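Take a look at the structure below.
Just so you know, all these numbers are worked out from the coordinates, no wet-lab data involved. Because the structure is predicted, anything quoted here is derived from the model rather than measured. Neighbour counts run over all protein chains shown; Cβ positions are idealised from the backbone, glycine included.
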Amino acid sequence: MKIFDKLKTIINWKSFFIILAGCMAGSLLVMPYQAALSSDIAKLGAQMYLVALIQSALIFPPAIFIGLLLMKKAGFGLPVLEGENKPAAFKSILAPSAVWGAAAGVLIILASLLFMNTSLDMLGEEAAAPVWTGFLASFYGGIAEETLFRLCLMSLLVWLTMKIKIPRNIGVWSIIILTGVLFGLGHLPITSALVEITPMIVVRAIVLNSIGSVVFSLLYWKRGLESAMLGHFSADIVLHVITPFIASLFI
């Protein structure tokens, strides 16, 4: 009985199930976008949704649990889900999160000019996909990816730096940089559906995705997980909705 009593209070289970529901929904919403970019995924047909649900059921519950367990210990928070004044908390993060996220999206586009030929090829592939698929995919980035990379990974790694007595600012910034690299590498599977993976493509993925990752990590650090989610969603709207739509008008 003591074990069950401890499990009831070890994390906020309401937050756990809300975030899990968001991640599961995001995993389904991203599938039309992935199918539009990858013929292998498209061949699965309706089965791709079942595969997405199974993968999500295996990945997200432990990630959310670890994140919620260590989040506050690492100095982060959920000001909207777990705050006393939820409407006020949401209002306070909405505008800055959207602005910083959109700015990150624009900066990523500008930085992509360093890899002009590849970026144009990939943009052409995205522009051919229905614009609504990019919009739906933005929910996956905003909810699911932030759950994995900010709530779980960043909380865990920052907590570890605290356990080995690394100064707070040094520890957090080191993890922000490391998370950015891992975030970039995590985007290589979908990139492989568009172009052949070469060392330059790996560098491109790390450089461009690290820009967004740094912004989202700072939002998580300073304003909480919901802010990082909103920022990521805004960046993805710029990258996967607005930019491909404009490109489709000229291609």
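Where in the chain are the DSSP H helices whose C-alpha atoms run 27 Å or more along the long axis and whose mean Kyte hydropathy is at least 1.0?
On the way: long enough: 47-70 (35 Å, 1.88); 86-112 (37 Å, 1.31); 199-223 (35 Å, 1.18).
Span-like helices, by this rule, are 47-70, 86-112, 199-223.
Output the direction-averaged projected area (hull surface divided by four) of the convex hull of the alpha-carbon atoms of the chain, in nm².
Directional mean of the projected Cα hull area for the chain stands at 14.9 nm².
Name the shape class, rounded, prolate or oblate, that the alpha-carbon gyration tensor gives for the range 183-251, where a ≥ b ≥ c are the square roots of its eigenvalues, rounded holds for a/c under 1.5, and otherwise prolate holds if a/b is larger than b/c and oblate otherwise.
Note, shape of the range 183-251 comes out oblate.
Rounded if a/c is under 1.5, else prolate if a/b is larger than b/c, else oblate: which is the range 82-183, with a ≥ b ≥ c the root eigenvalues of its Cα gyration tensor? Intermediate results must be reported in sequence, preceding the final value.
Working: a/c = 2.26, a/b = 1.41, b/c = 1.60.
It is oblate, given that a/c is not under 1.5 and a/b is not larger than b/c.
Excluding same-chain residues fewer than 8 positions from Lys165, which lysines have a Cα within less than 24 Å of its Cα?
Lys72, Lys73, Lys222
Within straight cross-link reach of Lys8, meaning Cα distance under 19 Å, which aspartates and glutamates are found once same-chain residues fewer than 8 apart are removed?
Glu82
Hey, what did the range 2-248 get for relative contact order, percent, Cα under 8 Å, at least 6 apart?
Here the relative contact order equals 32 percent.
Fewest to most neighbouring Cβ within 10 Å: what's the order for Thr191, Thr179, Thr9?
Taking fewest neighbouring Cβ atoms as first place, the list is Thr9, Thr191, Thr179.
List the trypsin sites (Lys or Arg not before Pro) in the range 111-166 that DSSP assigns to loop (not H, G, I, E or B) and whose Cβ has at most 13 other Cβ atoms within 10 Å. Which are they?
Lys165
Sort Glu226, Glu82, Glu126 by Cβ crowding within 10 Å, fewest neighbours at the top.
In increasing order of surrounding Cβ atoms, one gets Glu82, Glu126, Glu226.
Please work out whether the range 135-207 counts as rounded, prolate or oblate from its C-alpha gyration tensor, where a ≥ b ≥ c are the square roots of the eigenvalues and a/c under 1.5 means rounded, while otherwise a/b larger than b/c means prolate and anything else oblate?
oblate
Enumerate the calculated ³J(HN,Hα) couplings along the range 72-80 in order (Karplus 6.51 cos²θ - 1.76 cosθ + 1.60, θ = phi - 60°), each rounded to whole Hz, writing x wherever the residue is Gly or Pro.
5, 5, 8, x, 10, x, 10, x, 8
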